[in-house]
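Chemist: What follows is a single structure, and I will ask about it in a moment.
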Amino acid sequence: LNDNPSHYKIKLSGTVKSPKITFDPPFLMLMPVPLDVKTETALQIIPQDYLRQSRIQVELPELELEDGDSICPFSVQFPEGQNIVLSSDGRNKELICHISFRSSMPVSLLGNMFFIDEEKN
């Protein structure tokens, strides 16, 4: 290469994978319960293509009552933590999420819970 100017062409190709999460089960249906009784279910969060640790946050739906007040009858717990971790084999560890509902007044709700990572995905 020093005094012999040769031209080398390098061709690179790749695929960009955006991180995503899927859920098992893909939707929740909580059973009706008496007032002030908690109903709960577990949800498995399956992260894919996260190359570094990230933390999952949850936005829960609020209900607006007839008097104008708002309540959030849902709560979420991550018994093993809410960090998405890359394991030694390059895969992301699954997370367990416990979702519960309790209300002291009769309500019916169809809504969305948003699971958001640190990048706001």
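Chemist: Looking at (1) within 17 Å of Met113 (Cβ to Cβ); (2) in a loop (DSSP other than H, G, I, E, B), which is the one condition that is false for Gly68?
Modeler: The single condition Gly68 does not satisfy is (1).
Chemist: Of everything in the stretch 71-85, what is open to solvent by 70 Å² or more (accessible area, probe 1.4 Å) and of a type in the set (S, T, N, Q)? Give them in sequence order.
Modeler: Within the stretch 71-85, just Gln77 meets the criteria.
Chemist: Do you know which residues across the stretch 104-120 are of a type in the set (D, E, K, R) and surrounded by 12 or more Cβ atoms within 10 Å (Cβ to Cβ)?
Modeler: Passing the criteria: Asp117, Glu118.
Chemist: Identify the single condition in (1) under 20 Å from the mean Cα position of the chain (by Cα); (2) modelled with pLDDT under 85; (3) under 18 Å from Lys38 (Cβ atoms); (4) of a type outside the set (A, V, I, L, M, F, W, C) that Ser108 does not satisfy, given that it satisfies every other one.
Modeler: (1)
Chemist: So is Phe101 of a type in the set (Phe, Trp, Tyr), open to solvent by 50 Å² or more (accessible area, probe 1.4 Å) and in contact (Cβ under 8 Å) with a residue 24 or more places away in the chain or not?
Modeler: So Phe101 fails the test.
Chemist: A further question follows. Restricting attention to the stretch 56-65, which residues are part of a loop (DSSP other than H, G, I, E, B) and either within 30 Å of Arg91 (Cα to Cα) or among the small types (Gly, Ala, Ser) (or both)?
Modeler: Answer for the stretch 56-65, where residues must be part of a loop (DSSP other than H, G, I, E, B) and either within 30 Å of Arg91 (Cα to Cα) or among the small types (Gly, Ala, Ser) (or both): Ile56, Leu60.
Chemist: Here is a further query. Can you name the residue in the stretch 15-50 that is out of contact with any strand residue (DSSP E or B) (no Cβ under 9 Å at 6 or more places or on another chain) and within 21 Å of Ser108 (Cβ to Cβ) and, of all such residues, is least open to solvent (accessible area, probe 1.4 Å)?
Modeler: Val37
Chemist: Would you call Gln53 open to solvent by 70 Å² or more (accessible area, probe 1.4 Å) and under 17 Å from the mean Cα position of the chain (by Cα)?
Modeler: Against the criterion (open to solvent by 70 Å² or more (accessible area, probe 1.4 Å) and under 17 Å from the mean Cα position of the chain (by Cα)), Gln53 qualifies.
Chemist: Let me ask another. Quick check on my filter: what residues within the stretch 19-55 are among the polar types (S, T, N, Q) and part of a strand (DSSP E or B)?
Modeler: Thr22, Thr39, Thr41, Gln44, Gln48, Ser54
Chemist: Are any residues in the stretch 91-118 more than 19 Å from Glu59 (Cβ to Cβ) and either of a type in the set (Phe, Trp, Tyr) or assigned to a loop (DSSP other than H, G, I, E, B) (or both), and if so, which ones?
Modeler: Residues satisfying the conditions are Arg91, Lys93, Glu94, Ser104, Met105, Pro106, Ser108.
Chemist: Is it fair to say Gly68 is over 16 Å from Arg55 (Cβ atoms) and either open to solvent by less than 50 Å² (accessible area, probe 1.4 Å) or in contact with a helix residue (DSSP H, G or I) (Cβ under 8 Å, 6 or more places away or on another chain) (or both)?
Modeler: Here the answer is yes, as Gly68 does meet what is asked.
The values are calculated or read from the model by the stated rules, or taken from the named source; none is laboratory data. No experiment lies behind these values; they were computed from the predicted model shown. Neighbour counts are summed over all protein chains in view; Cβ atoms, including those assigned to glycine, are modelled from backbone coordinates with ideal geometry. We work out accessible area using only protein heavy atoms, side chains counted, and drop any ligands, DNA or RNA first. Shrake-Rupley method; radii C 1.70, N 1.55, O 1.52, S 1.80 Å.
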